[in-house]
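Student: Submitted below is the structure of interest, expressed as structure tokens.
The values are calculated or read from the model by the stated rules, or taken from the named source; none is laboratory data. A quick note: this is a predicted structure, and the numbers were derived from the prediction, not measured. A quick note on method: Cβ atoms are made from the backbone with ideal geometry, for glycine too, and the neighbour counts reach across all protein chains shown. We work out accessible area using only protein heavy atoms, side chains counted, and drop any ligands, DNA or RNA first. Shrake-Rupley method; radii C 1.70, N 1.55, O 1.52, S 1.80 Å.
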Amino acid sequence: METMKLIRNADVYAPEHVGKRDILLAGGKICLMAPRIDPDALPGWEVLDAEGKLLLPGFVDCHVHVMGGGGEGGFANRTPEGFLSDFTRFGVTTVVGCIGTDGIGRDMKSLIAKVKGLREDGISAYAYTGSYQVPVRTLTGNLIEDIMMLEEVIGVGEIAISDHRSSQPTFEEFARICADIRVGGILSNKAGIVNVHLGDSPRCLDLIERVIDETEIPVTQFLPTHINRNEMLFQKGIAYAKRGGTVDLTGNEDIDYWETICDEVRVCKAIRRLLDAGVSDDLFTISSDGQGSMPVFSPDGKFLGVGMGRSSCLLKEVRECVQRENIPLEVAIKAITANPAKVLHLNTKGHIGEGYDADLCLLTPELTIDTVIARGEYMVKNGEIVKRGQFENAMLK
């Protein structure tokens with residue numbers, strides 16, 4: 001049973017900085033936010049003193065391989081699925097699941113089942129229908145039906161373009177996917193977003209730009225991801241964002257190697273360059289590509305093995321924005337709170353305010369996780385995980 005909570009004396013970033021506030025939580029929602037709420041007037045409520053700590057909205061990780069990813073080096077290369085604390089201990093209270101390269105060994109039935117399981121565990125979870133491949137493999141057999149009839153589905157993706165692993169879709173095939181998911185989104189009052197995987201090809205965003213230029217589908221229908229994977233693509237991404245498109249930056253815990261050897265653009269530097277180019281601070285997001293496989297190298301470039309993306313990179317990237325690039329915290333955290341919530345039409349997420357979901361992160365002044373609340377319930381408290389998924393404890397033995 002949910003415990004009604006009063007958070008006192010928190011320095012609130014909503015994500016805009018509003019200063020010290022008391023916040024009342026009940027029924028999985030934020031009921032009241034005020035400069036002071038008298039705890040004596042609320043007998044039976046749990047009081048959490050957040051003096052000296054920062055209160056942020058729960059993080060939205062908008063690109064996660066919740067069932068696991070990989071497999072490109074053979075079946076033993078498949079990465080494991082993500083469990084509840086793989087997300088919550090890093091401040092993530094909302095995830096959007098996708099399949100990726102392997103749309104055969106992993107399918108939409110399994111993805112929807114995993115998303116439902118994460119919801120039962122206590123966080124908010126959604127899904128993109130499909131995978132890299134075109135024609136899109138759906139659950140119902142039709143894109144419009146998937147988004148209309150499956151509550152968890154909010155868009156399609158990650159559709160791969162400009163990549164040797166893609167299906168090399170034609171303009172007509174890609175435009176039809178965009179048109180169908182847009183109509184389905186309109187009919188179901190969902191985002192109908194097209195999440196697009198971008199590879200290393202010099203074609204970059206060409207297919208997306210053609211759809212925007214040659215059809216009536218607007219730039220707001222797309223969320224191209226991995227936009228910082230190399231300098232050439234990132235420069236195209238700046239131009240794309242300047243015309244009003246949202247770009248998704250992929251976080252990386254091992255960026256020191258990738259930045260120097262592989263031309264990947266460090267997230268904090270990418271956000272600084274976007275802002276300096278005049279791009280609105282509403283038009284970029286950061287996602288983790290969590291549970292996806294990635295090679296790991298030593299500082300001298302020696303291949304060490306296959307690693308895995310983790311949601312931990314989200315807060316790490318925000319911390320680097322503040323500490324390395326002097327980007328205000330209220331701007332940096334929009335990339336993992338308000339901005340993904342906006343582009344995905346998750347209207348009760350990404351903000352701290354009355355009526356929003358009680359998804360909250362308490363951080364130390366050093367920007368490390370202290371406490372995480374999802375839908376009004378503790379997931380992490382005082383730096384300790386207090387709730388795990390059903391089989392996590394057994395797996396830890």
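Student: Could you work out the per residue convex hull volume over the alpha carbons of segment 1-106, in cubic angstrom? Kindly include the intermediate steps, with their values, before the conclusion.
Tutor: Working: hull volume 14.6 nm³, N = 106.
Convex hull volume per residue, Cα atoms: 138 Å³.
Student: Gain in length, Arg210 to Glu120, computed as 0.36 nm per residue apart minus the alpha-carbon separation, to one decimal in nm?
Tutor: Values: separation 90, 0.36 × 90 = 32.40 nm, distance 4.08 nm.
Going from the current span to full extension adds 28.3 nm.
Student: Additional query: With contacts defined as alpha carbon pairs under 8 Å and 6 or more residues apart, what's the relative contact order of segment 164-292 in percent?
Tutor: Working: 165 pairs, mean separation 26.4, N = 129.
Relative contact order for segment 164-292 comes out at 20 percent.
Student: Apply the Karplus curve 6.51 cos²θ - 1.76 cosθ + 1.60, θ = phi - 60°, to the phi angles in segment 227-236 and return the couplings in whole Hz, x for Gly and Pro.
Tutor: 5, 9, 5, 7, 5, 4, 5, 5, 4, 5
Student: Quick one: pull the percentage of alpha-carbon pairs in the chain with a separation above 30 Å.
Tutor: When every Cα pair of the chain is considered, 38 percent fall beyond 30 Å.
Student: With all distinct Cα pairs included, what does the Kirkwood hydrodynamic radius of segment 270-385 come out to in Å, to one decimal, could you say?
Tutor: 16.1
Student: In sequence order, what are the phi-derived ³J(HN,Hα) couplings for segment 342-348 according to the Karplus relation 6.51 cos²θ - 1.76 cosθ + 1.60 with θ = phi - 60°, rounded to whole Hz, with x for glycine and proline?
Tutor: With the stated coefficients, segment 342-348 comes to 5, 5, 9, 6, 8, 6, 10 Hz.
Student: Suppose all protein chains stay in the model; what accessible area per residue would a 1.4 Å probe give for the chain, in Å²?
Tutor: Accessible surface, normalised per residue, equals 40 Å².
Student: What relative contact order, as a whole-number percentage, does the chain give when Cα pairs under 8 Å and 6 or more residues apart are counted? If you can, show how the numbers build up before the last one.
Tutor: On the way: 954 pairs, mean separation 80.0, N = 397.
For the chain, the relative contact order is 20 percent.
Student: Compute the angle between helix 267-276 and the longest alpha-carbon principal axis of the chain, please, reported from 0 to 90 degrees and rounded to the nearest 10.
Tutor: 90
Student: What dipole magnitude, in Debye to the nearest 20, does segment 174-258 give about its Cα centre under +1 on Lys/Arg Cβ and -1 on Asp/Glu Cβ?
Tutor: Result for segment 174-258 is approximately 360 debye, rounded to the nearest 20.
Student: Further question on the same structure: State the dimensionless ratio Rg/Rh of segment 30-71 (Rg: radius of gyration of Cα atoms; Rh: Kirkwood radius).
Tutor: Value, to two decimals: 1.23.
Student: For the chain, what is the charge dipole size about the Cα centre, in debye to the nearest 20, if Lys and Arg each add +1 at the Cβ and Asp and Glu each add -1 at the Cβ? Kindly include the intermediate steps, with their values, before the conclusion.
Tutor: Values: 42 positive and 57 negative charges, 54 e Å.
The dipole of the chain has a size of about 260 debye.
Student: What does the charge add up to near Thr79, with Lys and Arg as +1, Asp and Glu as -1, over the other residues with Cβ less than 13 Å from its Cβ? The partial results should precede the final answer.
Tutor: Working: positive: Arg78, Arg106, Arg310; negative: Glu72, Glu81, Asp86, Asp102, Asp289.
With Lys, Arg at +1 and Asp, Glu at -1, the net is -2.
Student: Further question on the same structure: For the chain, with all protein chains present and a 1.4 Å probe, just round the carbon and sulfur fraction of the accessible area to a whole percent.
Tutor: Working: 8130 of 15920 Å².
Reported share for carbon and sulfur atoms: 51 percent.
Student: To continue, here is another question. When you have a sec, figure out the Kirkwood radius of segment 201-288 from all distinct Cα pair distances and drop it here in Å to one decimal? Show your work: numbers first, answer last.
Tutor: Numbers: mean 1/r = 0.0757 Å⁻¹.
Every distinct Cα pair counted, the radius reaches 13.2 Å.
Student: For the ranges 337-346, 150-159, what's the packing order if you count other beta-carbon atoms within 10 Å of each residue, average per peptide, and put the highest first? Don't skip to the end; give the middle numbers.
Tutor: Working: 337-346: 23.8, 150-159: 25.6.
The packing order, highest mean first, is 150-159, 337-346.
Student: Just list whichever of Lys20/Lys349; Lys269/Lys342; Lys20/Lys387; Lys116/Lys316; Lys20/Lys53 have alpha carbons separated by over 19 Å in the model shown.
Tutor: Values: Lys20/Lys349 21 Å; Lys269/Lys342 23 Å; Lys20/Lys387 28 Å; Lys116/Lys316 28 Å; Lys20/Lys53 10 Å.
Long pairs (Cα-Cα over 19 Å): Lys20/Lys349; Lys269/Lys342; Lys20/Lys387; Lys116/Lys316.
Student: Between Asp213, Asp107, Asp254, which gets the highest mean-square fluctuation from a Gaussian network model of the chain, Cα cutoff 10 Å?
Tutor: Answer for the Gaussian network model of the chain: Asp213.
Student: Right, something else. Work through the residues other than Gly307 whose Cβ is under 12 Å from its Cβ and net out their charges, Lys, Arg +1 and Asp, Glu -1. Please report the intermediate quantities before stating the final value.
Tutor: Values: positive: Arg310; negative: Glu253, Asp254, Asp289.
Once all neighbours under 12 Å are counted, the net charge is -2.
Student: Aspartates and glutamates within cross-link reach of Lys5: Cα-Cα under 16 Å, excluding same-chain residues under 8 positions apart?
Tutor: Counting by Cα, and skipping residues close in sequence, Lys5 has these aspartates and glutamates nearby: Asp22, Asp38, Asp40, Glu46, Asp49, Glu51, Glu354, Asp357, Asp359, Glu377.
Student: Just grab the label-to-label distance for Asp263 and Arg324, each label 7 Å out from Cα along the Cβ direction, in nm (one decimal).
Tutor: With each label point 7 Å from Cα toward Cβ, the separation is 2.0 nm.
Student: Name the long-range amide H neighbours of Met294: under 5 Å, sequence gap of 5 or more, or other chain; modelled H, no Pro or chain starts.
Tutor: Gly307, Met308, Gly309
Student: Rounded, prolate or oblate: pick one for segment 318-397, where a ≥ b ≥ c are the square roots of the eigenvalues of its C-alpha gyration tensor, a/c under 1.5 means rounded, and failing that, prolate if a/b is larger than b/c, else oblate.
Tutor: Values: a/c = 2.08, a/b = 1.34, b/c = 1.56.
It comes out oblate by the Cα gyration axes.
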